[in-house]
Amino acid sequence: MKFPEAAEELTEFFKMLPGIGRRGAERIILSILDWPDEQKIALGNAIVQLPEKIGCCPECGAICSKDSLCDICADPRRDNSTICVVENMPQLFAVEKGNYFRGKYLILGGRLSPLDGEDGSSLNLELLRRKAANPETAEVILALSSDVEGRATAAYLTELLADLPVKLTRPALGLPAGANLSYADGATIAAAFSNRLDVD
């Protein structure tokens, strides 16, 4: 038995979500179809409003309410002298979970991956250079994943910032080689940040 066309279209969208295959997408749709009509309409409206209500922070690239700063950049208690560079929002959440880092962030928006066609042109490199060149910035932490693409990106950023009078460091203890930073627990993140190393 085939899904109706409208449900089939939704299936294709849900399959784009991480960890969701066809069977998972079908289960989600069948569950939504059991909801009261008002709840279905509310879900649809919430999705429709995403582009109008959610944007990127102009200071760091993190997701936030449209046309405003994110909570971290707007917090006067955060340390402006230290910038933590991460690939994406899950990595920012992972670092915050460690409850150790009290500086600001910069979301790269990905990493170098020539095999996937990512040559760095879509990354927030101009914003990174601008923030690193700010006289108030004393240290830039390259908190990227330690797999091949993450290390290649860190090497590229080290070159990109080499002419600036800013200290470059990377997290140290606790992060196993080849691991994705997004999956590290809070204690591991805190250990890595408290013992960070200078970038060679």
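The values are calculated or read from the model by the stated rules, or taken from the named source; none is laboratory data. Computed from a predicted model, the values in this text were never measured in an experiment. When we count neighbours, we look across all protein chains shown, and the Cβ atoms used for this are built from the backbone with ideal geometry, even at glycine. Calculation scope for accessible area: heavy atoms of the full protein, side chains included, ligands and nucleic acids excluded. Shrake-Rupley method; radii C 1.70, N 1.55, O 1.52, S 1.80 Å.
Ordering 37-49, 97-109 by mean Cβ neighbour count within 10 Å, with the highest value first, yields 97-109, 37-49.
Rolling a 1.4 Å probe over the heavy atoms of the protein chains gives the chain an accessible area of 60 Å² per residue. Comparing 82, 153, 11, which has the greatest mean-square fluctuation in the GNM of the chain with Cα pairs linked when under 10 Å apart? In the Gaussian network model the winner is 11. What you get for the chain, charging only the Cβ of Lys and Arg (+1) and of Asp and Glu (-1), is a dipole of about 440 debye around the Cα centre. Shown for the chain: lysine pairs separated by 8 or more places, or found on different chains, whose C-alpha atoms are under 20 Å apart, numbering 8.
Considering only 135, 160, 41, and ranking their Cα positions along the charge dipole of the chain that arises from unit charges at the beta-carbon of Lys, Arg, Asp and Glu, the one farthest toward the positive end is 135. Helices in the chain, meaning DSSP H runs of at least 4 residues, each add -39500 (n - 2.57). Divided by all residues, the mean residue ellipticity at 222 nm is -11500 deg cm²/dmol.
How would segment 1-92 be classified by its alpha-carbon gyration tensor: rounded, prolate or oblate, with rounded meaning a/c under 1.5 and the a/b versus b/c comparison settling the rest? Taking the square roots of the gyration eigenvalues as a ≥ b ≥ c, segment 1-92 is prolate. PRE reach from residue 17 (point 7 Å along Cα→Cβ): which of segment 38-80 fall under 17 Å by backbone N? Once the point is set 7 Å along Cα→Cβ of residue 17, 39-51 turn out to lie under 17 Å by backbone N, inside segment 38-80. Considering only 166, 148, 86, give the residue with the highest GNM mean-square fluctuation for the chain, with springs between Cα atoms whenever their separation is below 10 Å. Comparing 166, 148, 86 in the GNM, the peak value goes to 148. Dipole of segment 18-109 computed with +1 at Lys/Arg Cβ and -1 at Asp/Glu Cβ about the Cα centre; of 98, 25, 76, farthest Cα towards the positive end is 98.
Distance between the 7 Å Cα→Cβ label points at residue 133 and residue 52: 3.8 nm. Using a probe radius of 1.4 angstrom, the carbon and sulfur fraction of the accessible surface of segment 1-144 is 57%.
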